[in-house]
1. Where residues in segment 175-197 are touching a strand residue (DSSP E or B) at 6+ places or on another chain (Cβ under 8 Å) and surrounded by 16 or more Cβ atoms within 10 Å (Cβ to Cβ), which of them is farthest from residue 95 (Cα to Cα)?
2. Please find, within segment 155-173, the residue that is surrounded by the most Cβ atoms within 10 Å (Cβ to Cβ) out of those that are out of contact with any strand residue (DSSP E or B) (no Cβ under 7 Å at 6 or more places or on another chain) and closer than 24 Å to residue 71 by Cα.
3. Can you pull out the residues in segment 79-100 that are in contact with a helix residue (DSSP H, G or I) (Cβ under 7 Å, 6 or more places away or on another chain), within 18 Å of residue 173 (Cβ to Cβ) and either in a loop (DSSP other than H, G, I, E, B) or modelled with pLDDT of 95 or more (or both)?
4. Taking residue 207 as meeting all but one of (1) farther than 16 Å from residue 117 by Cβ; (2) surrounded by 13 or more Cβ atoms within 10 Å (Cβ to Cβ); (3) touching a helix residue (DSSP H, G or I) at 6+ places or on another chain (Cβ under 8 Å); (4) touching a residue at least 12 places away in the same chain (Cβ under 8 Å), write down the number of the exception.
5. Using the structure shown, decide if residue 72 is farther than 25 Å from residue 39 by Cα and either under 15 Å from the mean Cα position of the chain (by Cα) or not in a loop (DSSP other than H, G, I, E, B) (or both).
6. Return yes when residue 165 is touching a residue at least 24 places away in the same chain (Cβ under 8 Å), in a strand (DSSP E or B) and touching a helix residue (DSSP H, G or I) at 6+ places or on another chain (Cβ under 8 Å) and no when it is not.
7. In this structure, is residue 77 under 13 Å from the mean Cα position of the chain (by Cα), touching a residue at least 12 places away in the same chain (Cβ under 8 Å) and over 21 Å from residue 206 (Cβ atoms)?
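The values are calculated or read from the model by the stated rules, or taken from the named source; none is laboratory data. Just so it is clear, the structure is predicted and the values come from calculations on it, not from any experiment. So basically every Cβ, Gly included, is an ideal-geometry build from the backbone, and we count neighbours across all protein chains shown.
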């Protein structure tokens, strides 16, 4: 993903791994107890993986009640993942975002609606042209209440679409912040080919679907 080439000229594919490696280290991540992130000045944090983190960061930053979104890596079994190492598909990590939000303005349940409503929920190991386990969909929970919200919404969507929902449900363990140049990438590089042809259309589809969730300055 995110090569300096327009997808109108070439569709980018990357090394594809059908699933994160289910070795003992990765299985331990899946089976672990969730780690709860405490409120900080009344703000909560939630974690989502849904393909390119440039795209997902921009989507959540458009949602009212969200203060900040940080791009990074989560869901894997290795320490200190980098963009290069995660792209091998061998770390278990997926590109993810940390969403810092005001739970008095937007609920975790609404953030889950944003998650499922801003992707192709049936695409396995990727979103759009981005393929591989590092782009797979994972939704992270920090407690049993969040897990139930996720699983109920996932089941309802599966029934509505009469299809299998690809998103994995993981206990949250740790979020690794991505390299500085990935942060706010869509806003800082509006004319980059991938941004114009993948990120912005994905963001606009979300805005059209959920106008009631948008910040005032995003309603255009």
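1. Keep residues of segment 175-197 that are touching a strand residue (DSSP E or B) at 6+ places or on another chain (Cβ under 8 Å), which gives 175-178, 182-183, 185.
Okay, now just the ones that are also surrounded by 16 or more Cβ atoms within 10 Å (Cβ to Cβ), so 175-176, 178, 182-183, 185.
Working: 175: 10, 176: 10, 178: 9, 182: 11, 183: 12, 185: 14 Å.
Only one residue fits best here, namely 185.
2. Let us first name the residues in segment 155-173 that are out of contact with any strand residue (DSSP E or B) (no Cβ under 7 Å at 6 or more places or on another chain), namely 155-165, 173.
Remaining after also requiring closer than 24 Å to residue 71 by Cα: 165, 173.
On the way: 165: 20, 173: 18.
Across segment 155-173, the extreme among qualifying residues is 165.
3. Hits for segment 79-100 are 91, 92, 93, 94, 95, 96, 97, 99.
4. Unmet for residue 207, out of (1) farther than 16 Å from residue 117 by Cβ; (2) surrounded by 13 or more Cβ atoms within 10 Å (Cβ to Cβ); (3) touching a helix residue (DSSP H, G or I) at 6+ places or on another chain (Cβ under 8 Å); (4) touching a residue at least 12 places away in the same chain (Cβ under 8 Å): (1).
5. For residue 72, the condition - farther than 25 Å from residue 39 by Cα and either under 15 Å from the mean Cα position of the chain (by Cα) or not in a loop (DSSP other than H, G, I, E, B) (or both) - is not met.
6. It is false that residue 165 is touching a residue at least 24 places away in the same chain (Cβ under 8 Å), in a strand (DSSP E or B) and touching a helix residue (DSSP H, G or I) at 6+ places or on another chain (Cβ under 8 Å).
7. Details: under 13 Å from the mean Cα position of the chain (by Cα): no; touching a residue at least 12 places away in the same chain (Cβ under 8 Å): yes; over 21 Å from residue 206 (Cβ atoms): yes.
Spelling it out, it is not the case that residue 77 is under 13 Å from the mean Cα position of the chain (by Cα), touching a residue at least 12 places away in the same chain (Cβ under 8 Å) and over 21 Å from residue 206 (Cβ atoms).
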